[in-house]
Each structure stands twice: as C-alpha cells, then as structure tokens.
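Trainee: The following block contains the structure, expressed as structure tokens.
The values are calculated or read from the model by the stated rules, or taken from the named source; none is laboratory data. Please read all numbers here as calculations on a predicted model, not as lab measurements. We place every Cβ from the backbone using ideal geometry, glycine too, and count neighbours over all the protein chains shown. Please note that ligands, DNA and RNA were not included when accessible areas were found on the heavy atoms of the full protein model with its side chains. Shrake-Rupley method; radii C 1.70, N 1.55, O 1.52, S 1.80 Å.
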Amino acid sequence: MAKVLVVDDEPNIVLSLEFLMQQAGFEVTTAGDGEAALDCVAAAPPDLLLLDISLPGISGFDVLERLRADPALARLPIIMLTAHGREVEREKGLALGADDYITKPFSTQALVEKVKALLDEAR
C-alpha cells in the first residue's frame, strides 16, 4: 500500500485529504507544519507528499527545497496544494522541483487521479 504524507496547517483540509486518500486505498500520515513534515519524511519516507505552501514556521517552498537537496529524496513525488493561485507561485513551485501544483479548491477526483499517476510513474 502506497504511503501518502499530507502536510497542511488547516485541520479541516487535513481531515478531508486524509479521508480522500484512505478511500483511494493509500496509507496516510499527516503533518501540521514544515518541521513536522521534514521529521516525518526523515523517520519514514512516504511514497508521495501533498504539501501546502502556507505553513507555520518554514514554508512549503522551503520544505520542497530541502527535500530536493537530499539525493535520497530527490525523486519523491511532491504535489503542492495551495490557495495561492498566482502564476508566479506556480512557476516557483515547479522550478523548485514540485511534480505538480494544484490550487484550492480542487476536484477530489482529479487529485486522486494525479496521485495515482505520479505513483505509477515513480515505480
């Protein structure tokens, strides 16, 4: 069973994403901020990361940069999830190495399909 790490500081979003990913057949862990996300990845690397940009402490962009700088995690599929839909932020996320960039609100079906597609590519 593929492991998905959901990183968001909004409890309602974490709950809905956790439920959505579990319904799609994934094992889910969650983190409420960037430091916790890095700790989770270090302790047990997931197969895919759903990462919010606006986090307390270090931002999702910083988490993304740190993970991409680690050769062991450079190929970890990462989808940025954010309420920030500006093109400059999307370009920054993709330039830093995100595999995709999805703005909230988003289609749950489209998100599940994207997660499955990225996990298939990573195998």
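Trainee: Among the residues of segment 84-97, are any part of a helix (DSSP H, G or I), under 19 Å from LEU118 (Cα atoms), small (Gly, Ala, Ser) and open to solvent by 10 Å² or more (accessible area, probe 1.4 Å)?
Mentor: Checking segment 84-97: at least one residue is part of a helix (DSSP H, G or I), under 19 Å from LEU118 (Cα atoms), small (Gly, Ala, Ser) and open to solvent by 10 Å² or more (accessible area, probe 1.4 Å).
Trainee: Can you name the residue in segment 108-123 that is open to solvent by less than 60 Å² (accessible area, probe 1.4 Å) and without any contact (Cβ under 8 Å) to a residue 60 or more places away in the chain and is also nearest to MET1 (Cα to Cα) among such residues?
Mentor: ALA117
Trainee: Of everything in segment 29-81 that's among the polar types (S, T, N, Q) and part of a loop (DSSP other than H, G, I, E, B), which residue is most open to solvent (accessible area, probe 1.4 Å)? First the steps, then the outcome.
Mentor: First pass over segment 29-81, keeping only residues among the polar types (S, T, N, Q): 29-30, 54, 59.
From what is left, the residues that are part of a loop (DSSP other than H, G, I, E, B) are 54, 59.
On the way: SER54: 54, SER59: 31 Å².
Looking at residues that are among the polar types (S, T, N, Q) and part of a loop (DSSP other than H, G, I, E, B), I get SER54.
Trainee: Would you pick out the residues in segment 18-28 that are under 14 Å from LYS3 (Cβ atoms) and in a helix (DSSP H, G or I)?
Mentor: Across segment 18-28, the qualifying residues are GLU18, MET21, GLN22.
Trainee: Taking segment 106-123 on its own, how many of its residues are closer than 17 Å to LEU51 by Cβ, out of contact with any helix residue (DSSP H, G or I) (no Cβ under 8 Å at 6 or more places or on another chain) and not small (Gly, Ala, Ser)?
Mentor: 4
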